[in-house]
Amino acid sequence: MPSLVRDSGLQQISMRPSAAGMLSRLACARAMSAGIDVAPLMVKAGVTRKQVEDDSVRIAVKGQIKFVELVADALHDDFLGFHLACDYDLREIGLLYYVWNSSNLLGDALRRAERYSSTVNEAVSLHVRSDGKDLALTTTYVGIKRLSDRHQIESFVTSLVRICRQLTNRHLLPRCVKFVHRRNGGATALEKFLGCDVTFGAASDEVAFPGTVMQMPVVSADPYLNKLLIKCCEEARSHREAGRLTFRVVVENAIAPLLPHGRARADEIARQLGMSLRTLERRLGSEGLTFTGILSELRFDLAKRYLLEEGLAISKIAWLLGYQNVGGFTHAFKRWTGKAPREARAQENVAQPEYPDATSRNVRFPLAVKRA
């Protein structure tokens, strides 16, 4: 497995990844058309009306994820990201769409999507792998906890498939689609749209096509326009802020998919990141962190999320978090909150004034997480 640290786009990225905000605008419009007051949702998500509604202003990806999630809860739409991506005008993507639309081959368009995707969303890095037989489009979250999101990534993948179909004027069907996040229930409409089974709880976010699609011509190819637009994209890419990606987020995103398999150990994470255990410990130590502390905090954060899913059994949550039995999870949860998981779920909140296993002395968590 290639090193996540060495992959392009991971060494240099904005400390606070930003996005063009199209998904936020779509969600806002959907909420307003349903008569929902979006102002309190914006406040809760930590975003401003100008960031959401003005397409010339970028929005923090973390804020966008939270805002869309709050809109989804208000609309009682658990697949809002997918639904929003199904019917918007793809031209709303902006400059990058026209680069794709003027490319010669679909493979050219996808390679340009890989290079310039950060101009649309700095937190979602697209990787294209093709050996002629298979084509894999894999996304990696940069600077943002991957499991903080469902709607944005489902919207991204749905849009990606739509774009491939529109550019080639063919109803292309992926061989498979995988998501890192989990869902408690089916995704019939999503699978019907994509035309394939969708796997949740996978090790990576991926769309796979037959490799032959790379050579499919783009019906609206315009090499002269494409050359001009690539220059514009290069300028936009060069102007994106660059800073160091915190190593903590890299480690958290490597841990998350391994938790249910009981493989979230320091030596395994070091191996996946292409470094020695000693180097992993040294890198974390330079940020005042420990692997055990990060693992505990991540488990607590995910436990809060999973407990809000009423149909998710406590035993299943324990497994998802990498505990061998319910007792281990219950003991840890009591240590974190002073309550048993069932008690916290019944009270409709997960309270914890200060986290006992935190890697710094003043790490605090929300006092309550309300059920949607």
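The values are calculated or read from the model by the stated rules, or taken from the named source; none is laboratory data. If you're wondering where the values come from, they're calculated on a predicted model, not measured in any experiment. Neighbour counts are summed over all protein chains in view; Cβ atoms, including those assigned to glycine, are modelled from backbone coordinates with ideal geometry. With ligands, DNA and RNA removed, areas are computed over all heavy atoms of the protein, side chains included. Shrake-Rupley method; radii C 1.70, N 1.55, O 1.52, S 1.80 Å.
Couple of notes before you dig in:
- For region 176-200, a residue qualifies if it is free of Cβ contacts under 8 Å to residues at least 60 places away in the same chain, closer than 21 Å to VAL124 by Cβ and in contact with a helix residue (DSSP H, G or I) (Cβ under 7 Å, 6 or more places away or on another chain), and the qualifying residues are VAL177, PHE179, HIS181, LEU194, VAL198.
- Looking only at region 71-90, residues that are more than 20 Å from THR140 (Cα to Cα), open to solvent by less than 20 Å² (accessible area, probe 1.4 Å) and of a type in the set (A, V, I, L, M, F, W, C) come to 5 in all.
- Filtering region 128-162 to residues that are modelled with pLDDT of 95 or more and of a type in the set (Phe, Trp, Tyr) leaves only PHE156.
- Where ASP54 falls short, out of the listed (1) over 22 Å from the mean Cα position of the chain (by Cα); (2) within 26 Å of ARG183 (Cβ to Cβ); (3) surrounded by fewer than 21 Cβ atoms within 10 Å (Cβ to Cβ): (2)
- Residue satisfying all of: in region 308-330; under 15 Å from ALA256 (Cα atoms) and assigned to a loop (DSSP other than H, G, I, E, B); least open to solvent (accessible area, probe 1.4 Å) among these: LEU321
- Residue list for region 331-341, filter: in contact with a Lys or Arg (Cβ under 8 Å, 6 or more places away or on another chain) and surrounded by fewer than 21 Cβ atoms within 10 Å (Cβ to Cβ): ALA332, ALA340
For every residue, the table says whether it meets (1) free of Cβ contacts under 8 Å to residues at least 12 places away in the same chain; (2) open to solvent by 40 Å² or more (accessible area, probe 1.4 Å); (3) among the polar types (S, T, N, Q); (4) not in a loop (DSSP other than H, G, I, E, B).
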site	(1), (2), (3), (4)
ILE269	no, no, no, yes
ARG282	yes, yes, no, yes
LEU289	no, no, no, no
THR292	no, yes, yes, yes
SER296	no, no, yes, yes
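- Among the criteria (1) modelled with pLDDT of 95 or more; (2) open to solvent by less than 40 Å² (accessible area, probe 1.4 Å), the one LEU229 does not fulfil is (1).
- Answer residue from region 192-224, given it is of a type in the set (D, E, K, R) and either touching a strand residue (DSSP E or B) at 6+ places or on another chain (Cβ under 7 Å) or closer than 19 Å to SER155 by Cβ (or both) and is least open to solvent (accessible area, probe 1.4 Å) among those: ASP205
- Screening LYS231 with (1) touching a residue at least 40 places away in the same chain (Cβ under 8 Å); (2) assigned to a helix (DSSP H, G or I) gives one miss only, at (1).
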